[in-house]
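Below: the structure, in structure tokens.
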Amino acid sequence: MQLLKLLLNGLLITLTLFFSANSAATEKEYMLKAGFLYNFARFANWVTPTYHSNNFTLCSPDETFINIADVALTKRSIKKRPLVNKHISLNSSSLTQCNMVFITSKTYQDWVNTPGLTYQNILLVGESDGFIENNGHIRFFLSSGKVRFEISPNNLKSNGLTISSKVLRLARIVDS
Amino acid sequence: MKRLFTLDTISKKLLFILMSVAFISSSIVTVAFGTYELSSAKGEQIESLNSLSNMMSPNIATALIFEDLEAIQELIKPILTRTDVISAIVTNRTGDIVAKTNSHMLSDNVEHAVEVKKQLTIDGNNVGELVIYANNSYINNRIDFYVKFIISLTLLSFAVSLIISLLLRRRFLSPILYLAQTANDITKSNDYSLRAEQLSNDEVGELTVCFNDMLYTIEQREHALENQVKTRTQELENANSELHRYAYQDGLTDLPNRRYFYEKIQSLINTHNTNFALIFIDLDGFKEVNDNLGHDYGDLLLHQVANRLKACITEQDIIARLGGDEFTLILQNVTDLERAAKVANSVQHALLTSIQVKKETVYVTASIGITLYPEHGKTVEELVKRADQAMYLSKKKGRNRYEFFSYSIEEKATEKRKLIEEIKLGLKENQFELYYQPIFSVDGKSITKAEALIRWNHPQKGLIGPNEFIPMAEKNGLISDIGRWVKSQAIQDCTLFNKLSKRLIQVSVNTSPLEIDRSGEWVEQWIQASEQFNLPGHSVLIEVTENTLMGTDSEIKRQLKRLSEFQIDVAIDDFGVGYSSLAYLQRLDIDILKIDRSFIKDIEKNDNSIALVRAIITMAHNLNVEVVAEGVEKQEQYMLLKQMQCDYIQGYYFSKPVSKKVFVSEFIEE
């Protein structure tokens, strides 16, 4: 019994350690991706930009990411407007506040399951497979352990956005 | 090769000037251009690298912020396509090298010369730095390029300049060269009718016109000179032929002259295997014609004689006048004396008939001498001399005849010439001596006079009497020298005799007619000599022949009177055999007559001689002139003369001529 208890404790410790390590890696990745998102915003161009409260708002339905972004992207500005990170729910009213939305892998399924939302004038960035096919604009992926990204210029254009060729040059273009 | 690069023609000089200008101008441009290019090359390189980094920096900065190192590496790699870039480095914000690319040259430790840094910024934020390192290859390449370019440009410009210079030279110089060539052609050909074509209207064209004008002037002058030269040449030819005629032709007879004669003989002698006869002709009696009728008659006579002589010879023979009345004939191809004699005969016959000169009839004959070549001489001089000797022999033998040359004639002539030389030497070396023959008073005892008689102590022949050399001396102008010596010696001897005998012994001296000159110098000499030796009066008796006194009148009278004034007596020698003219005995101051020995020689046998001698003595005494009988050799002769009251006796009967020494010892010191 004691042995079983010991084994259970051991398994608990192991799982705890595993998850804690996994959590630290995800934070670091999101820190990096937050920086990428900041840079995407710098090189992207909104044809008819709309700013809520005169801020540039980075939205994500994933609160974890927003928390990390708050740390990573403090006191930054985009297009001479302060960068604001905001956790949102996936609905039309929430989206009107956003200039850019990051759909994490954790929130991807929710996003997929919430159709009918319009992302006009919103830069839509994801990290899950099939994101672009679901009209996403930019998707992160890992290549040789490094974060890389792919862009669909058509999807961008259809939502009233363009992005600098400098970024396009670094990305994998995935227009069908 | 050296001559090729010598600036010895105007063409080369012009080419040199044009090429020098081209070279200097292209050099200046090249140097200026090269200097500018080299100075700007480095700036250009930096500017170019800056431009490159500016162009690349946005993409690199973007890749940097997205940390896409592969993209950065890809971006900077093309920078190395520039050959001068040796390294490109990208650093991030913190200065860490995130990408680097090197060319292979970096490993060669090539020092980088240029460094270009470019800050990588996005929205004014520095995200990193791009650094590009470059070497000097850009500048070096530029230098290489420019060196090649400059060399090519220089060569090209030089080639183009050369072609242009050659074309310009041809264009500019062709008129001058053409003018020079024309001048050269004229100089070589001396053809002043040539003209230069005017090829241009510039200064050279004017020069051509002037040149042609000058040629025209020269041509005209040359024509004038040519005509003048032709005229002069013709005149000279005429004068020359005239001179030739004068030189080789006798003006009086139109016969060849002496010069022609001598040259002709010389040319015949020079001809191999030739024979000819030489005939010398001297006219007898020509002098008389000249003297009596005048030279114009003489000239006409010579002309006619020449015509007659011409008729005596054939066409191949030659007649010439040597001068005066001397003619000569050259009979060619005559080998024997007979043929020559035949021509000589025909000459004599040709002159036999009288010659009519104006209104006078003249007779002349010819004395002819003949020589043969080569028998009688091998040279012109020998032949002429021997023909002359033969001719003189003809003269001597009685004229109007011909004589062949023989070597005996020449021997005599040689002897004669030798004798003359010996007389001269004898006078010089004092070989003559005076002998004295005493002249006795008719009583046969006392000696009051002595005749000085010359003898010649010849070194080889011994003692020689006067007959053997006096005639020769008289003919050859030596008698005056001998007479002078006799005069001097006789006076000295007379002084001696007088001194030794202490009485007057009169020395009689024979005087040649040739010594007696019309000016009376001989008289002055006697007077001067007598005074010099302070001779007493009547110490000297000068013996002259009758002929001496015959031709003269007042002059000889004056001379004898002057001698008489100085008490120098005069005797007539050889009285009775000359052109006896007794009138002069009366006119002249004669002191003594010396009866010629021919009257005395047979006086003892011939009554006529006695009558003549008696008459002479009587006549002389009547004229107050004393008489000497010469050549008394016998007692009978002496007795007869004594009987006829002859004053003085001279002859072998009493004494032969003796030397001075003997005379003194025998007749003075006794």
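What relative contact order, as a whole-number percentage, does chain B give when Cα pairs under 8 Å and 6 or more residues apart are counted?
Values: 949 pairs, mean separation 46.2, N = 670.
Relative contact order of chain B: 7 percent.
Whole-Hz Karplus values for the stretch B:366-381 come out as 10, 9, 10, x, 10, 10, 10, 9, x, 4, 9, x, 9, 10, 4, 4 Hz, taken residue by residue from phi with 6.51 cos²θ - 1.76 cosθ + 1.60 and θ = phi - 60°; glycine and proline positions read x. Placing a pseudo-label 7 Å from each Cα along the Cα-to-Cβ vector at B:Lys499 and B:Leu177 gives an inter-label distance of 11.1 nm.
Averaged over the residues of peptide B:57-69, the number of Cβ atoms from other protein chains lying within 10 Å of each residue's Cβ is 5.
Between 0 and 90 degrees, the angle of helix B:337-350 with respect to the longest Cα principal axis of chain B falls at about 70 degrees.
What average count of beta carbons from other chains do you get within 10 Å of the Cβ of residues in A:41-50?
1
Taking a point 7 Å out from the Cα of B:Thr361 in the direction of its Cβ, the residues of the stretch B:295-314 whose backbone N falls within less than 20 Å of it are B:297-298, B:300-302, B:304-305, B:308. Taking 1 over the mean of 1/r across every pair of different Cα atoms in the protein assembly as shown, what Kirkwood radius in Å do you get? Roughly 45.6 Å, rounded to one decimal.
A full extension of the chain between B:Glu237 and B:Arg399 corresponds to an added length of 53.8 nm, given 0.36 nm per residue minus the alpha carbon distance. For chain B, the equivalent ellipsoid built from the Cα gyration tensor has semi-axes of 138, 38, 24 Å, listed from largest to smallest.
What does the charge count around A:Ser158 come to, taking other residues whose C-beta lies under 14 Å from its C-beta (Lys +1, Arg +1, Asp -1, Glu -1)?
The answer is -1.
Near B:Leu453, the amide H atoms lying under 5 Å from its own belong to B:Tyr435, B:Tyr436, B:Gln437; only residues 5 or more places off or on other chains count, and H is placed 1.01 Å from N.
Provide the three semi-axes, in whole Å and in decreasing order, of the ellipsoid equivalent to the stretch B:610-670 as defined by the square roots of 5 times the Cα gyration tensor eigenvalues.
On the way: eigenvalues 137, 36, 14 Å².
With the √(5λ) rule applied to the stretch B:610-670, the semi-axes are 26, 13, 8 Å.
Between the C-alpha center of the stretch A:32-81 and that of the stretch B:513-529 there is a gap of 182 Å. Exposed loop sites here are trypsin sites (Lys or Arg not before Pro) assigned a DSSP state other than H, G, I, E or B and surrounded by at most 15 other beta carbons within 10 Å; excluding them, the longest clear run of chain A is A:81-176. Close amide H contacts of B:Thr448 (hydrogens built in the peptide plane, cut-off under 5 Å, sequence separation of 5 or more or a different chain): B:Ile439, B:Ser441. The 3J(HN,Hα) values that the Karplus relation (6.51, -1.76, 1.60; θ = phi - 60°) gives for the stretch B:201-216 are, in residue order, 9, 8, 4, 5, x, 5, 4, 4, 4, 4, 4, 5, 4, 4, 4, 4 Hz. Gly and Pro appear as x.
I'd like the orientation of helix A:2-43 relative to chain A: the angle between its Cα long axis and the longest Cα principal axis, in ° from 0 to 90, rounded to 10. Helix A:2-43 sits at roughly 10 degrees to that axis. Our Cα-only numbers for the stretch B:190-319 put the radius of gyration and Dmax at 29.9, 92 Å.
Residue-wise HN-Hα couplings along the stretch B:638-645, as the Karplus relation 6.51 cos²θ - 1.76 cosθ + 1.60 with θ = phi - 60° gives them from phi, are 4, 5, 4, 5, 5, 5, 8, 6 Hz; Gly and Pro carry x.
Taking amide H atoms as placed 1.01 Å from N in the peptide plane, the amide H of B:Ile542 lies under 5 Å from those of B:Val509, B:Asp569, B:Val570, B:Ala571, each 5 or more residues away in sequence or on another chain.
Cross-link reach is defined here as a Cα-Cα straight distance under 19 Å, omitting same-chain residues fewer than 8 places apart; for B:Lys661 the aspartates and glutamates meeting it are B:Glu433, B:Glu451, B:Asp493, B:Glu669, B:Glu670.
With Cα atoms defining each centre, the stretch B:279-335 and the stretch A:97-176 are spaced 167 Å apart in the structure. With helices as the sole contributors, chain A gives -13500 deg cm²/dmol at 222 nm; each DSSP H run of n ≥ 4 counts as -39500 (n - 2.57), and the sum is divided by every residue.
Bear in mind these aren't lab numbers, they're just calculated from the coordinates by the rules spelled out. Source: prediction; values computed, not measured. Counting neighbours? That spans all protein chains shown, and the Cβs are built from the backbone with ideal geometry, glycine included.
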